[in-house]
1. If the cut-off is 25 Å between C-alpha atoms, which lysines fall inside it for K179, apart from same-chain ones fewer than 8 positions away?
2. If you count only protein heavy atoms with a 1.4 Å probe, what accessible area per residue comes out for the range 103-142, rounded to a whole Å²?
3. In nm, give the distance between the simple-model label positions of M48 and A24, each being 7 Å from the Cα along the Cα-to-Cβ direction.
4. What whole number of Å gives the distance from the Cα centroid of the range 1-17 to the Cα centroid of the range 35-83?
5. Given [x] 153; [y] 178; [z] 139 as candidate values of volume of the Cα convex hull per residue in Å³, which corresponds to the one derived from the coordinates?
6. Calculate, for the range 38-95, the solvent-accessible area per residue in square angstrom, rolling a 1.4 angstrom probe over the heavy atoms of the protein chains.
7. Reachable lysines from K45, Cα under 28 Å, same-chain residues fewer than 8 places away excluded?
8. According to a simple spin-label model (label point 7 Å from Cα along Cα-to-Cβ), what is the distance in nm between D200 and T14?
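The values are calculated or read from the model by the stated rules, or taken from the named source; none is laboratory data. In this text the structure is predicted, and so the values were computed from the model without any measurement. Because the Cβ atoms are built from the backbone with ideal geometry, glycine has one as well, and the counts that use them run over all protein chains shown. Each accessible area value is taken on the protein alone, full model and side chains, heavy atoms only, with ligands, DNA and RNA left out. Shrake-Rupley method; radii C 1.70, N 1.55, O 1.52, S 1.80 Å.
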Amino acid sequence: DGQGLRDTFQAMITGPSVQSLIAAGFLAPPVIYGPPAPIDLSAVKSQMGDYAHGALERTIDKPSITGDAIAEYTKLCPRVPAIAFCTGIEHAKHVTEQFNAAGYPWGLLVGKPHMTDAQRREAVRNLSTFIWRGVSTVDLVSEGFDLPAVECAIMLRPTQSLGLHLQQIGRALRPSPGKTRAVILDHAGNCLRHGLPQEDRE
């Protein structure tokens, strides 16, 4: 309901840091590429602690922004499985179309009612077996999705949420045999907004 938890807890237990998990081999080290300045979101209002979805999608769903993401993917890691995090369903569809038009087999991985359970399972299989180079998604695989083969996260969804920022990057950090790094293409400016994933935080 968007309300704080008030006095529910009396203590906070701090788990291992991202940097310590990288050092121990439990996460792949991220290599992050991003714009020199965040996208101008001054016209996008906040809602429930994050950017309002409709206005955010209209601001971000631009062929030029997606084109930059495709160019960076082509330049830096065109042969690794990727997840593109988008602002909305239409945005995800447009990103998928542009990657396919650029010659990359790319699919959609979104929730109901846009895809059935069977379609989502097939999309994950296509990504894990590299039939597809990547998928575009919206609020579906940000948390709890474990596919270590994913080596690139393409950030196309600006967020005010530090937790969401770290969770989305985390989809590419899972270790797997032969994986030496995770490539983060941060076209949303989230690392400028929230800092690098391995930074120490209070």
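1. Counting by Cα, and skipping residues close in sequence, K179 has these lysines nearby: K75.
2. 49
3. 3.4
4. Centre-to-centre distance over Cα atoms comes out at 30 Å.
5. Given [x] 153; [y] 178; [z] 139, the structure-derived one carries the label [z].
6. With the other protein chains kept in place, the range 38-95 gives 49 Å² per residue.
7. In chain and number order, the partners are K62, K93, K112.
8. Placing both labels 7 Å beyond Cα along the Cβ direction yields 0.8 nm.
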